[in-house]
1. In the set ILE3, ILE24, ILE36, ILE44, which member is assigned to a strand (DSSP E or B), modelled with pLDDT under 85, more than 28 Å from ARG135 (Cβ to Cβ) and not aromatic (Phe, Trp, Tyr)?
2. Please enumerate the residues belonging to the stretch 152-176 that are in contact with a Phe, Trp or Tyr (Cβ under 8 Å, 6 or more places away or on another chain), in a strand (DSSP E or B) and either without any contact (Cβ under 8 Å) to a residue 24 or more places away in the chain or closer than 14 Å to VAL194 by Cβ (or both).
3. I'm checking my understanding of the structure. Among residues of the stretch 170-197 that are of a type in the set (S, T, N, Q) and under 17 Å from the mean Cα position of the chain (by Cα), which one is surrounded by the fewest Cβ atoms within 10 Å (Cβ to Cβ)?
4. The conditions are (1) over 19 Å from LEU136 (Cα atoms); (2) surrounded by 15 or more Cβ atoms within 10 Å (Cβ to Cβ); (3) in contact (Cβ under 8 Å) with a residue 40 or more places away in the chain; (4) of a type outside the set (A, V, I, L, M), and ARG229 fails exactly one of them. Which is it?
5. I need the full set of residues from the stretch 191-206 which are touching a residue at least 12 places away in the same chain (Cβ under 8 Å) and more than 20 Å from SER230 (Cβ to Cβ), in order please.
6. Select the strands (runs of 3 or more DSSP E) contained entirely in the stretch 65-131, then report the ones holding at least 1 residues which are among the acidic types (Asp, Glu) and within 17 Å of TRP176 (Cα to Cα).
7. In the stretch 82-130, what count of residues is obtained for those that are touching a residue at least 40 places away in the same chain (Cβ under 8 Å) and loosely packed, with under 14 Cβ neighbours inside 10 Å?
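The values are calculated or read from the model by the stated rules, or taken from the named source; none is laboratory data. What you see is a predicted model, and the numbers here were worked out from it, not measured in a lab. Cβ atoms come from the backbone with ideal geometry, glycine included; neighbour counts cover every protein chain shown.
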Amino acid sequence: MKITLLNGRPFDYQAFCGFPIKVITSAKAKRLTLRIDEKIHLPILTLPRRCSVAKAKEFLALHRDWIINMMGRLPRAQTFCSGDEIIFFGETYRIIHCPQNRYTVLVNNTLQISGDSEFLHRRTIDFLKKQTLNRLTDMTLQKAASIEKKVSSVTIKDTKSRWGSCSTLGNINYNWRICMAPPEVIDYLVCHEVSHLKHPNHSSAFWQCVEKLCPHYQAHRLWLKKHGRSLYKYI
């Protein structure tokens, strides 16, 4: 990525690093920062507005090994293809391209994707999102009723780092990729967000509520921390 300097000359950060990198200049940033965007599989360098190129280069050189190490831990980005096997709410399905079909359907442990092959990846994601919304809505409403709370809405999103969220208005959001996690982990996430309807914080009372809904939540929470990154392998 090239940044135009004050002298009008462009500086190519990607060429300097030797790998792709996204550079952001922020008026709010007080210091240089680095993070790995797991969704787009790129390191993100944020620069304060008046940061010199020399300082940025020094910072990148100092953290180059860290970037390479962290990028190496990311799962290889993939697209859904015919023949792939995926886990959906604990069940294994094989993706099959069926251009003759009018709709995308789940049949006998196969996910049959309709339409042209060039749209198979997008159609697969669209189908998984729709089915995930239906299932998580039912689970969320049931869990909320068990603690005598009401849900305003349930939404599926493609967030970069959060698996779920609950607003003070009772709106609950889930990351669609959670559908590929083990069922007990999905259940924990629902219990976590529903508990926020009662406790909009992470107090001891909140965790007691989570434990009441999901007695072994700690193991499932740990799974998500250790293996959640693997659910981002499909871009």
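1. Exactly one of ILE3, ILE24, ILE36, ILE44 is assigned to a strand (DSSP E or B), modelled with pLDDT under 85, more than 28 Å from ARG135 (Cβ to Cβ) and not aromatic (Phe, Trp, Tyr), namely ILE3.
2. If the condition is that a residue be in contact with a Phe, Trp or Tyr (Cβ under 8 Å, 6 or more places away or on another chain), in a strand (DSSP E or B) and either without any contact (Cβ under 8 Å) to a residue 24 or more places away in the chain or closer than 14 Å to VAL194 by Cβ (or both), then VAL154, THR155, LYS157, GLY164, TYR174, ASN175 are the ones that fit.
3. Checking each candidate, the answer is ASN173.
4. (2)
5. Correct list: CYS191, GLU193, VAL194, SER195, HIS196, LEU197, LYS198, PRO200.
6. 91-97
7. Adding up the residues that qualify gives 1.
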